[in-house]
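*Asks:* Right, I'll just put the structure down here and ask away after.
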2 protein chains.
Amino acid sequence: MAVPHPFDPLTPSEINKAAEVVRSRYTGQDVSFKVITLKEPPKNEMIAFLDHEHRQLPHQWIPIRCARVEITLKATTGELELHELHVNLTKNTVLKLEVLKGKHSHVDSVYMKEVEAACMADPRVRDEIRKLELPPRASVVVEPWTYATDGQNDMSKRVTMCWFYLRLLEHQDANYYAYPLDICAEISEELEITRVYRLASSPDEQIHNEPRPFDRRKIHSTATSEYHPELRPNLRTSTKPYQVVQPEGPSFKIGGNQLNWEKWSFRVGFNYREGLTLHDIRYDDRSLFYRLSLSEMFVPYGDPRAPYPRKAAFDLGNDGAGINANNLKLGCDCLGTIKYFDAWHNTRSGEPMKLPNVVCCHEQDDGILWKHTNFRTGHAVVTRSRILVLQTIITVSNYEYIFAFHFCQDASIYYEVRATGILSTVPTNFGEDAKIPYGTIVAPGVLAPYHQHLFCLRIDTAIDGQKNSVSIEESEAMPLDESNPFGVGYVTKSRFVEKEGGFDLDLSKARTFKFVNEAKVNPITNTPVGFKLMPFYSQMLLADKNSFHAKRSEYGQHAVWVTRYRDDELFPSGRYTMQSMGGEGIASAIQNRAASGEQESVRNSDLVVWHTFGSTHNPRIEDWPVMPSEKMMVSLKPVNFFHGNPSLDVAPSTQEKNKSILYTDENTGPGCCASKL
Amino acid sequence: MAVPHPFDPLTPSEINKAAEVVRSRYTGQDVSFKVITLKEPPKNEMIAFLDHEHRQLPHQWIPIRCARVEITLKATTGELELHELHVNLTKNTVLKLEVLKGKHSHVDSVYMKEVEAACMADPRVRDEIRKLELPPRASVVVEPWTYATDGQNDMSKRVTMCWFYLRLLEHQDANYYAYPLDICAEISEELEITRVYRLASSPDEQIHNEPRPFDRRKIHSTATSEYHPELRPNLRTSTKPYQVVQPEGPSFKIGGNQLNWEKWSFRVGFNYREGLTLHDIRYDDRSLFYRLSLSEMFVPYGDPRAPYPRKAAFDLGNDGAGINANNLKLGCDCLGTIKYFDAWHNTRSGEPMKLPNVVCCHEQDDGILWKHTNFRTGHAVVTRSRILVLQTIITVSNYEYIFAFHFCQDASIYYEVRATGILSTVPTNFGEDAKIPYGTIVAPGVLAPYHQHLFCLRIDTAIDGQKNSVSIEESEAMPLDESNPFGVGYVTKSRFVEKEGGFDLDLSKARTFKFVNEAKVNPITNTPVGFKLMPFYSQMLLADKNSFHAKRSEYGQHAVWVTRYRDDELFPSGRYTMQSMGGEGIASAIQNRAASGEQESVRNSDLVVWHTFGSTHNPRIEDWPVMPSEKMMVSLKPVNFFHGNPSLDVAPSTQEKNKSILYTDENTGPGCCASKL
């Protein structure tokens, strides 16, 4: 087996080894492994390593392989304790052990299943279900959700919220979100049901303990509530097959996790939390980004009624984009010639566990890359845009997120998020027809509450080197005066970000955030080489500044954050988000450093840019029972980085290669011919 | 020959007929035909017609076919006069004749060629060229531009600005924009050169008459300035072929200009000015939009130095998106199975002139439409998004614009604009290295001035009928009080637009513009059925409010305009934009109606929504010598219009139909195998 590259995720044998080292430390104790993952090498070591690698010099040394391990175990007090260990995989030693009092690791599906079982076994829950007087053959589904801190509980104890739904049909894939029940249960880390109660059924109501039967008037046609093909009666047959053929194979080359395509090169990483990560991204062998990753996402719900303020998911920190990544299927999740990447996680007992096909890599045609027709000669030159897509899809209970990096021939990178899946629903009274101002009725007695999706893309810049600056550029009208007598002039004004902080977008000024290398001046434009962020314009967090939501998701306050690079500062809401109390996020980190005098200038330094974007998702009924993808797109584009259009050398499009078909009325296929008879 | 549908563009025989009727009116006069185009029927007639059509009732009558004709002719004063005529094509009569004093029609390429020839024949111009002492074999190219009103001339006379470039290489497609010369000439309607002078060569300089030779230090490598494949030395060969195969043909059905695809139906229109127009757009036989079109675009330059304030193109009103539409080529401009539409324009003498392949229609795969995995059963259901694209591409001198409507299975419509082509350049001193605040140096001595592209999409709504309202919805945090004790609640607040006017976007409030039919309430959500505009967030016009630019392009002041429908109110900067003086745009129309008491409520009325969007384009060197497509995307989405996801019936994706290929290291083709030897 080849030596792993320092950016490669842990191999199965490394996972085994790390578990062994940890087990030997806890002999005789019942250790449960939450995480065994790569601890990425310090950047300063990696820079030297990568420099040698790209100059094809022999490596004098390779950064040590290190695992970051999270375990839980019963402490002598009987409480579950979380320990974090760093394991040197070369020397089989523990480098660091930290006992994390009051912190919780991510939730795992095994635990969630235990919660469900405990819930359904509880006599009070069973009693409430009995009182619902459900239709025959209907079954109850428990949906456990992590608990968003609302100040109502002792946060050192983990609590799980259990929501209840009715699966009306016997089909295992029937959409139970169409029948939210008004039962709610709370359950402790030790699987003890601590509370059972009934949810409010109207905006005026509170949670209560009056048992009410399920209102059967809510039962409605499957045609509007089911998404599974076996439950949908009339699938459209009008969509004819569409296939992608790449007769000479794809244009990419892959060696392990190293990917080369067109002039791009980068390494594919993957971990339980962020899912897909990209490392050492270069174009034409010039360094652009050290690392790109989705660093967090937060989905707070806008329904103010208790206990709904506890619905606010950190889908990365609490759930894990890696663990919840779908096993992608050929012909379904992508089209064309597809390379799949597997990943490895671990079981509770510390064995390696394969996560198959969690990332797919393929090419797409993206329309016209550039075109010009010389109107004098009538000669058109047109090139088509080929893009490389790296995609991963996660399921977090009801929702799906499709994350994709698009690499373009013109040296731009797009990061696309698509939100799909099923809306999270809550029960409401049948026939209540006053408009509920924080939700949409999507089916009889079914409220889909408003919510936000706030993503944070972490951009670890390396624009022609590690020392970068952020410049904020605005386009501004010139005053109407003698230097601008016709009032048409406008100019750009720039200022550098000197200190760490959060920044807002300003459409009226076309405010643009550029990452530049001040030491490298473009010889033609005479400006520093750079890239720019093309943000996805979004409303920021709506929750009150004093709410736990706001304190816990500090990155949701501003669209752009700039920090100085620090190893392990990867998460804008902190490493341990589960039931966090706030104050562990990016704003606090910046403030604490400023207060302690630790903050240095971010000018000409190793810096990280964080982009917060997302959607204020006030559901439409068109999002029901399954939501058509809602697309969000961010991009990173060179700005005076190269000496010209980087895609200038892309060959013109020709029919010889593209083999398109001219449509004439004659070739519409049997349907059309038949109609002529 | 079948009877044309009332929305069909004029047929060649109708163009002939209209010309004949007009000619007979001007016997013995030298009439030059500028435009012979369909005058679309009054909407009130069309609504009745379409109602019969969709109910498959026999038509009691068909709206008369009418041509709108613009001609120029020499008046007895010797001046060129513009006349507009409406011709009844059934009765061969002139319905209306208007003499348009001081107005100008669009520019035509024949005239532009005459301008070029006149310019190059002029002794003063020739003298200036001689003084440039150009390199041997180099030639001079004249680029005539329409004149943007700057208050310096009597606007009743048409003036054309002539810019000069050097074609250094003998190749006919050499990129002359790489060598802007400092000569400028102005020419009259009668092809008389009225002024010749030298352009400023630095920010401090003014126009002058000092002849200076061309600075040969500006001559640079073709590698960075040429886009034509014959002049680009090393084309990349890494991009392997990528083909789209539709074994059963496309999913669309086309009969004449009627298009049916998935559940969509609409009619394709085309005219010399707007280019592609769409009519009577329905989904599942429910009316959505009466008409969709790009109604204007304005490209003002930000260089304040005279005469550059005259660079501000109305690419529709002055040039014509239809006339300048590219002849699209199979395998180049689109991929897959392509239907092309031709259009007809007219010659100066009134003969029909074919504009071949001006619109292409094809399907694309657009990734995942929706997906959900039931994490309990592990069953994933995924559907792929098929879209229908109608695309047209225009060349306006240096620039290209790619306009495309995308129809989606989920009943949304996207309007995509891609800007590509070549930057408009002006000369500047060689080696001047102070940053010029209103432009980017893209090659030695070549300045690409900042400019804006402002598009206006005209949305003639017909949401389940003609009587619609616009509602402005905002998402707003609830105050932190007893009804929102955790500070997480947020609500939407809506207000109806009551009067015609212009409106701004507000990101901080997630302000959303909805088009609703208040009379049709969604029975499930209990809200009026509607569609929403998902705008392209853009900076508005930067030019000073008192400038001619602002007065002439009023629509550039606000992102959204709402007006009551009026036949023939199609253009937000007025019908005759060429050297217009301002005050003929949408803001003035609204103001005039308000002042005259003519303005009625736009609530529950036949209304039109206009969306202004675009880009503040401060060139990057990466846009040179040809610009990678800059994408702008607007969309229209149903919001509580249907009873659920309109794409719920799309069949799941299967490998059986999609026939993707699993990539393994073995199938990378000959390149890879060779490297293993």
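The values are calculated or read from the model by the stated rules, or taken from the named source; none is laboratory data. Since the model is a prediction, treat every value here as computed from it, not as a measurement. No Cβ is skipped: glycine too gets one built from the backbone with ideal geometry, and neighbour counts run over all protein chains shown. We work out accessible area using only protein heavy atoms, side chains counted, and drop any ligands, DNA or RNA first. Shrake-Rupley method; radii C 1.70, N 1.55, O 1.52, S 1.80 Å.
*Asks:* What are the nm distances, shortest first, from B:S109 to its equivalents in the other copies, labels at 7 Å along Cα→Cβ?
*Replies:* Shortest to longest, the spacings are 6.0 nm.
*Asks:* Additional query: For region B:154-219, which whole-number percentage of the solvent-accessible area (1.4 Å probe, protein heavy atoms only) is attributable to carbon and sulfur atoms? Intermediate values should be presented prior to the final figure.
*Replies:* Numbers: 1220 of 2680 Å².
Exposed carbon and sulfur together represent 46 percent of the surface.
*Asks:* For chain A, report the accessible area per residue in Å² (1.4 Å probe, heavy atoms, rounded to an integer).
*Replies:* Working: 23600 Å² over 677 residues.
Result: 35 Å² of accessible area for each residue.
*Asks:* Compute the accessible area of each residue in region B:334-351 twice, once for its chain alone and once with every protein chain present, using a 1.4 Å probe on heavy atoms, and list those whose area falls by at least 40 Å².
*Replies:* B:L335, B:T337
*Asks:* A follow-up question, please. ³J(HN,Hα) across region B:606-617 via Karplus (A = 6.51, B = -1.76, C = 1.60, θ = phi - 60°), whole Hz, x for Gly/Pro?
*Replies:* Each residue of region B:606-617 in turn: 7, 10, 10, 10, 10, 10, 8, 8, x, 9, 8, 9 Hz.
*Asks:* Region B:428-463: which residues show an accessible-area loss of 50 Å² or more, assembly versus chain alone, 1.4 Å probe?
*Replies:* Going by heavy-atom accessible area, no residue of region B:428-463 drops by as much as 50 Å².
*Asks:* Along Cα→Cβ at 7 Å, what distances in nm separate the B:S221 label point from those on the other copies, shortest first?
*Replies:* 6.7
*Asks:* Ok, one more. How high is the relative contact order of chain B, in percent, counting Cα pairs under 8 Å that sit 6 or more residues apart?
*Replies:* Values: 1500 pairs, mean separation 84.8, N = 677.
Relative contact order comes out at 13 percent.
*Asks:* A further question on this structure: Just how many % of Cα pairs in region B:113-242 lie over 27 Å apart, if you round to the nearest whole percent?
*Replies:* Numbers: 2502 of 8385 pairs.
Roughly 30 percent, once rounded to a whole number.
*Asks:* Could you pull the copy-to-copy label distances for B:L235, with points set 7 Å along Cα to Cβ, in nm to one decimal and sorted shortest first?
*Replies:* 4.2
*Asks:* Could you please state, rounded to a whole Å, how far the C-alpha centre of region A:447-486 is from the C-alpha centre of region B:429-466?
*Replies:* 17
*Asks:* So between B:A306 and B:E656, what do we pick up on full extension, going 0.36 nm a residue minus the alpha carbon distance? Could you put the intermediate results ahead of the total?
*Replies:* Details: separation 350, 0.36 × 350 = 126.00 nm, distance 6.42 nm.
Length gained, B:A306 through B:E656: 119.6 nm.
*Asks:* Report the far tail of the P(r) of region B:377-496, meaning the percent of Cα-Cα pairs longer than 25 Å.
*Replies:* So the portion of pairs separated by more than 25 Å is 63 percent.
*Asks:* In peptide B:377-388, what is the residue-averaged number of other protein chain Cβ atoms found within 10 Å of each Cβ?
*Replies:* Values: counts 4, 3, 4, 10, 8, 10, 9, 7, 3, 4, 0, 0.
Mean inter-chain Cβ contacts per residue within 10 Å come to 5.
*Asks:* As a test, work out the antiparallel percent of DSSP beta bridges whose residues both lie in the protein assembly as shown, rounded to the nearest 5.
*Replies:* 100
*Asks:* Also: In the full protein assembly as shown, how much of B:D504 is accessible to a 1.4 Å probe, in Å² to the nearest 10?
*Replies:* Rounded to the nearest 10, the figure is 70 Å².
*Asks:* Can you tell me the FRET efficiency between B:T76 and B:N16 if r is taken as the Cβ-Cβ distance and R0 is 41 Å, rounded to the nearest 0.05?
*Replies:* Details: r = 29 Å, r/R0 = 0.70.
Once the sixth-power term is evaluated, E becomes 0.90.
*Asks:* With a ≥ b ≥ c the root eigenvalues of the C-alpha gyration tensor of region B:307-443, is it rounded (a/c under 1.5), prolate (a/b larger than b/c) or oblate?
*Replies:* On the way: a/c = 3.19, a/b = 1.44, b/c = 2.22.
The shape class here is oblate.
*Asks:* Also: Using Cα pairs closer than 8 Å and at least 6 residues apart in sequence, work out the relative contact order for region A:434-495, in percent.
*Replies:* Numbers: 48 pairs, mean separation 13.0, N = 62.
It comes to 21 percent, rounded to a whole number.
*Asks:* Further question on the same structure: Just by accessible area at a 1.4 angstrom probe, what is the order of B:I436, B:I661 from largest to smallest? Walk me through the numbers on the way to the answer.
*Replies:* Details: B:I436 10, B:I661 80 Å².
If we order B:I436, B:I661 from most to least accessible, we get B:I661, B:I436.
*Asks:* Moving to a separate point now. Which value, to two decimals, describes the C-alpha radius of gyration of chain A once divided by 2.2 N^0.38 Å?
*Replies:* Details: Rg = 27.3 Å, N = 677, 2.2 N^0.38 = 26.2 Å.
Normalised by 2.2 N^0.38 Å, the Cα Rg of chain A equals 1.04.
*Asks:* From the protein chains alone at 1.4 Å, what is the descending order of accessible area for B:S601, A:S538, B:S24, largest first? Numbers along the way, then the final one.
*Replies:* On the way: B:S601 50, A:S538 10, B:S24 80 Å².
Sorted descending by solvent-accessible area, the residues read B:S24, B:S601, A:S538.
*Asks:* Bin by bin, in steps of 5 Å, what percent of the Cα pairs in region A:3-100 do you find, going until the bin that has the longest distance?
*Replies:* Bin by bin from 0 Å, the calculated values are 2, 13, 22, 20, 15, 11, 7, 5, 3, 1, 1, 0.
*Asks:* Answer rounded, prolate or oblate for region A:604-650, using the Cα gyration tensor with square roots of eigenvalues a ≥ b ≥ c: rounded when a/c is under 1.5, else prolate when a/b is larger than b/c, else oblate. Show your work: numbers first, answer last.
*Replies:* Values: a/c = 5.48, a/b = 1.92, b/c = 2.85.
Oblate.
*Asks:* For the rotation taking chain A to chain B, which residue of A has the Cβ nearest the axis, and how many Å away is it?
*Replies:* Residue nearest the A-to-B axis, with distance in whole Å: A:Y537, 2.
*Asks:* A further question on this structure: Over all pairs of distinct alpha carbons, what does the Kirkwood formula give as the hydrodynamic radius of the protein assembly as shown, in Å? Please report the intermediate quantities before stating the final value.
*Replies:* Working: mean 1/r = 0.0300 Å⁻¹.
So the Kirkwood estimate lands at 33.3 Å.
*Asks:* Under the 0.36 nm per residue contour assumption, what length would be gained going from the current alpha-carbon distance of A:K493 and A:E190 to full extension? Numbers along the way, then the final one.
*Replies:* On the way: separation 303, 0.36 × 303 = 109.08 nm, distance 5.88 nm.
Length gained between A:K493 and A:E190: 103.2 nm.
*Asks:* Please check region B:239-276 for residues whose accessible area, probe 1.4 Å, is lower by 50 Å² or more when all protein chains are in place than in their chain alone.
*Replies:* Those residues are B:T239, B:K240, B:P241, B:Y242, B:Q243, B:V244, B:V245, B:E248, B:E262.
*Asks:* Over region A:305-378, with every protein chain in place, what whole percent of the accessible area is carbon and sulfur at 1.4 Å, could you tell me?
*Replies:* That fraction is 50 percent.
*Asks:* Each residue of region A:555-570 in turn: what ³J(HN,Hα) in whole Hz from Karplus with 6.51, -1.76, 1.60 and θ = phi - 60°, glycine and Pro shown as x?
*Replies:* Rounded to whole hertz, the list is 5, x, 7, 9, 7, 9, 10, 10, 10, 7, 5, 9, 4, 6, 8, 10.
*Asks:* What FRET efficiency comes out for the pair B:S202/B:Q29, r = Cβ-Cβ distance, R0 = 56 Å, nearest 0.05? Please list the in-between numbers first.
*Replies:* Details: r = 51 Å, r/R0 = 0.90.
Given R0 = 56 Å and the Cβ-Cβ separation, E is 0.65.
*Asks:* Let me ask something else about it. Check each of the GluC sites (Glu not before Pro) in region B:459-493 and keep only those in coil by DSSP with at most 14 other C-beta atoms within 10 angstrom; list them in order. Provide the component values of the computation, followed by the final result.
*Replies:* Numbers: sites: B:E473, B:E474, B:E476, B:E482; in loops: B:E482.
Those satisfying the criteria are B:E482.
*Asks:* Using a ≥ b ≥ c from the Cα gyration tensor of region B:89-129 (square roots of the eigenvalues), is it rounded, prolate or oblate, where a/c under 1.5 gives rounded and otherwise the larger of a/b and b/c decides, a/b for prolate?
*Replies:* Working: a/c = 5.70, a/b = 3.07, b/c = 1.85.
Cα axes put region B:89-129 in the prolate bin.
*Asks:* At a Förster radius of 41 Å, what calculated FRET efficiency corresponds to the Cβ-Cβ distance of A:N546 and B:S601, to the nearest 0.05?
*Replies:* On the way: r = 42 Å, r/R0 = 1.03.
The value I calculate is 0.45.
*Asks:* Between B:K435 and B:A121, what length in nm is gained on full extension when 0.36 nm per residue of separation is reduced by their alpha carbon distance? Don't skip to the end; give the middle numbers.
*Replies:* Working: separation 314, 0.36 × 314 = 113.04 nm, distance 3.76 nm.
Value of the extension gain: 109.3 nm.
*Asks:* While we're here: Could you tell me the accessible area of B:T77 in Å² (1.4 Å probe, neighbours in place), rounded to the nearest ten?
*Replies:* Near enough 110 Å² of accessible area.
*Asks:* Quickly work out the B:Q152-to-A:R236 label distance, labels modelled 7 Å from Cα along the C-beta direction, and quote it in nm with one decimal.
*Replies:* In this crude spin-label approximation the distance works out to 5.5 nm.
*Asks:* Find, among the GluC sites (Glu not before Pro) in region B:114-170, those assigned to loop by DSSP (not H, G, I, E, B) with at most 13 other beta-carbon atoms within 10 angstrom.
*Replies:* Working: sites: B:E114, B:E116, B:E128, B:E133, B:E170; in loops: B:E133, B:E170.
The qualifying sites are B:E133, B:E170.
*Asks:* Helix-derived [θ] at 222 nm for chain B: sum -39500 (n - 2.57) over DSSP H runs of at least 4, divide by residue count, nearest 500?
*Replies:* Numbers: 8 runs with 74 residues, N = 677.
Calculated from helices alone, the mean residue ellipticity at 222 nm is -3000 deg cm²/dmol.
*Asks:* Roughly how large is the B-A contact in terms of buried accessible area, totalled over both chains, probe 1.4 Å, nearest 100 Å²?
*Replies:* Working: alone 31300 and 31290 Å², together 47180 Å².
Protein heavy atoms only, the B-A interface buries about 15400 Å².
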